[in-house]
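The values are calculated or read from the model by the stated rules, or taken from the named source; none is laboratory data. In this text, all values refer to a predicted model and were calculated from it rather than measured experimentally. When we count neighbours, we look across all protein chains shown, and the Cβ atoms used for this are built from the backbone with ideal geometry, even at glycine.
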Amino acid sequence: MSNNSKSSKKFTRLENILIIGNGGRENSLAWAIQKNKLVKKVYLIPGNGGSERINKCERIKVDINNKNEFLEKLNFLKIDLVVIGPEIHLADGLADFLREKNFKVFGPGKDGARLEYSKSWAKEFMQDAKIPTANFWKVNSLEEAKKVIYSSSISLVVKADGLASGKGVFIPDSKDECYGAAESILNGKFGNSGNVVVLEERIQGPEVSVFALCDGKKYILLPSAQDHKRLNEKDKGPNTGGMGAYSPAPLLTEDYLIRITKEIIAPTINELNKKNIDYKGVIYFGLMITESGPKVIEYNCRFGDPECQTIMPLMDQDFVFLLEKCSMGNLTGNEKIDTSDLVSGCVIATSQGYPHEYKTGYTIKIGNVDSNNFQIFDSGTSLNKNGELLTDGGRVLSIVCQDKNFDMVFDKAYKNLKEINFDGIYYRNDIGHQVRRKFSKEN
Ligand code: AMP
């Protein structure tokens, strides 16, 4: 990291960090944060079965909806910085609440989280700022949806307006299928999240994710990433929360990054300022590189999962300073992140049946795995009374490796995966196919 961050005198106490959330994302954040010598303890609420394998980490049992109990606990633990992982808490205004109580918080308030929890609002936001994105129609009723769908000459994508745990996007093959998707959303498939439907022009091109750490005015970019959303190899099958990822994405050349910064990232920050939104957290830009240039597919108001697990091992021990600077509004915008010369990849091991129904409670056996430039971040696990690690989610483990190139990264990931087992374990063998020589020869 640059001298700027090292020489800054503005850091306050950073002994006790709290991370809210229970997935692989939060465990990887904890792992990156604990590297800093100033950090004595990283607490996770609620964390999962793998959290306490991470140095300095402790899980805390407290109901965050019971605000008095929650605050009492934070004061008792002398929390210096709160990092909020999941979008639902940001959309609920948890960051606003904690800031009002004078905690330093990494994560936007409810106003900024709207970039994610209302797709129609985000589309209008982009329209206001002239940010390139697919054309769209916002509809409130089936009648309106019908009119748009059957009169449109282009293919459409159907999206529930609100949060839907990554399941609210449909890519239909026909107008009738498109109408069916709009109907199911408007009829309550996602509850209030589907009171409004966004119909979007279907665009084409490879996808890439860019992350900006933002302090309200200034921002810095983390390494880019590409994830694999589909369940099966060759990017087929249903959409999932993410089956794997790699970083940085070679697709995003320096020139492209300059263009994306100018056309998308800077205008987003300017528009937030124009709208008086003091955004202190990460903005995830889900981009599609189309023939006519990069376009925004979606914003998220938090780190992506599994992109976060993939990127965190590329951060040095000063990462926590960046989060703190964002929370305090004192980024210089010139901080450079030392990502060493390694690249990183992640493969997700899931329960059989995911993303549909699956069973949990199977014992996880981890054999002889690497210790260097290799991490296992638990995504959905728990511990039983005897301290045995059990499956406890659809996505169970994030297997993450770093090496000099992606062939080496994924060879290592898959070699280690042979040492990991639980009943019904499933993972894709072609994660990173775009950047692995084995697959480029096949294509
Ligand atoms: P989202 O949850 O908005 O990221 O959408 C999930 C996935 O749907 C994206 O990663 C894209 O692959 C696809 N998608 C979303 N919007 C569009 C669009 N306008 N055109 C084509 N594909 C899209």
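Some points to look at:
- Checking SER153 against (1) assigned to a helix (DSSP H, G or I); (2) more than 20 Å from the chain's Cα centre (by Cα); (3) away from the ligand (no atom under 14 Å from the Cβ), the condition it does not meet: (1)
- Residue match in region 166-173 (condition: under 30 Å from LYS336 (Cβ atoms) and of a type outside the set (Phe, Trp, Tyr)): no
- In region 85-108, the residue that is surrounded by the fewest Cβ atoms within 10 Å (Cβ to Cβ) out of those that are under 18 Å from the mean Cα position of the chain (by Cα) and of a type outside the set (A, V, I, L, M, F, W, C) is ASP92.
- Contact map, region 279-307: first residue hydroxyl-bearing (Ser, Thr, Tyr), second residue part of a strand (DSSP E or B) and near the ligand (Cβ under 10 Å from one of its atoms), Cβ cut-off under 6 Å, separation 6 or more or different chains; pairs are TYR284/ASN300.
- Residues of region 203-216 include at least one that is in contact (Cβ under 8 Å) with a residue 60 or more places away in the chain, small (Gly, Ala, Ser), in contact with a Lys or Arg (Cβ under 6 Å, 6 or more places away or on another chain) and away from the ligand (no atom under 13 Å from the Cβ).
- From the options GLY93, GLY85, GLY109, GLY168, residue that is touching a strand residue (DSSP E or B) at 6+ places or on another chain (Cβ under 7 Å), of a type in the set (Gly, Ala, Ser) and over 12 Å from VAL198 (Cβ atoms): GLY85
- Options GLU124, GLU52, GLU100; residue that is under 30 Å from ASN140 (Cβ atoms) and either without any contact (Cβ under 8 Å) to a residue 40 or more places away in the chain or touching a Gly at 6+ places or on another chain (Cβ under 7 Å) (or both): GLU124
- Search result, residues across region 177-202 that are more than 10 Å from the ligand (Cβ to nearest atom) and surrounded by 23 or more Cβ atoms within 10 Å (Cβ to Cβ): CYS178, ALA181, ALA182, ILE185, VAL197
- Here GLY367 does not fit the description of being out of contact with any strand residue (DSSP E or B) (no Cβ under 8 Å at 6 or more places or on another chain), exposed (fewer than 12 other Cβ atoms within 10 Å of the Cβ) and under 23 Å from ASN48 (Cα atoms).
- Here GLY242 meets each of (1) more than 11 Å from the ligand (Cβ to nearest atom); (2) under 22 Å from ARG395 (Cβ atoms) with one exception, condition (1).
- Among residues of region 313-329, those that are among the polar types (S, T, N, Q) and either within 16 Å of the ligand (Cβ to nearest atom) or in contact with an Asp or Glu (Cβ under 9 Å, 6 or more places away or on another chain) (or both), counted: 1
- For ILE220, the stated conditions do not hold, so it cannot be described as outside any strand (DSSP E or B), crowded, with 20+ Cβ neighbours inside 10 Å and in contact with a strand residue (DSSP E or B) (Cβ under 9 Å, 6 or more places away or on another chain).
- Unique residue being of a type in the set (Ser, Thr, Tyr) and either within 14 Å of the ligand (Cβ to nearest atom) or surrounded by fewer than 19 Cβ atoms within 10 Å (Cβ to Cβ) (or both) when the list is THR332, THR310: THR332
- Scanning region 372-397 for residues that are among the polar types (S, T, N, Q) and part of a strand (DSSP E or B) yields GLN375, THR381, SER382, THR391.
- Applying the criterion of being charged (D, E, K, R) and buried (at least 21 other Cβ atoms within 10 Å of the Cβ) to the residues of region 156-175, the residue that is nearest to the ligand (Cβ to nearest atom) is LYS159.
- Identity of the residue in region 223-251, in contact with a Leu (Cβ under 9 Å, 6 or more places away or on another chain) and not in a strand (DSSP E or B), that ends up surrounded by the most Cβ atoms within 10 Å (Cβ to Cβ): SER224
- Qualifying residue in region 316-329 (condition: over 24 Å from ALA413 (Cα atoms), among the aromatic types (Phe, Trp, Tyr) and in contact (Cβ under 8 Å) with a residue 12 or more places away in the chain): yes
- Top-ranked residue in region 109-150 [being more than 10 Å from the ligand (Cβ to nearest atom) and of a type in the set (S, T, N, Q); ranked as surrounded by the most Cβ atoms within 10 Å (Cβ to Cβ)]: SER118
- Positions within region 272-293 being more than 21 Å from GLU87 (Cβ to Cβ), more than 13 Å from the ligand (Cβ to nearest atom) and assigned to a strand (DSSP E or B), in sequence order: GLY293
- Filter pass, ASN36 being farther than 28 Å from TYR362 by Cα, modelled with pLDDT under 95 and part of a loop (DSSP other than H, G, I, E, B): no
- Of everything in region 318-358 that is β-branched (Val, Ile, Thr) and assigned to a strand (DSSP E or B), the residue that is nearest to ASP96 (Cα to Cα) is ILE348.
- Of the residues making up region 217-239, those that are within 16 Å of the ligand (Cβ to nearest atom) and closer than 22 Å to ALA95 by Cβ number 0.
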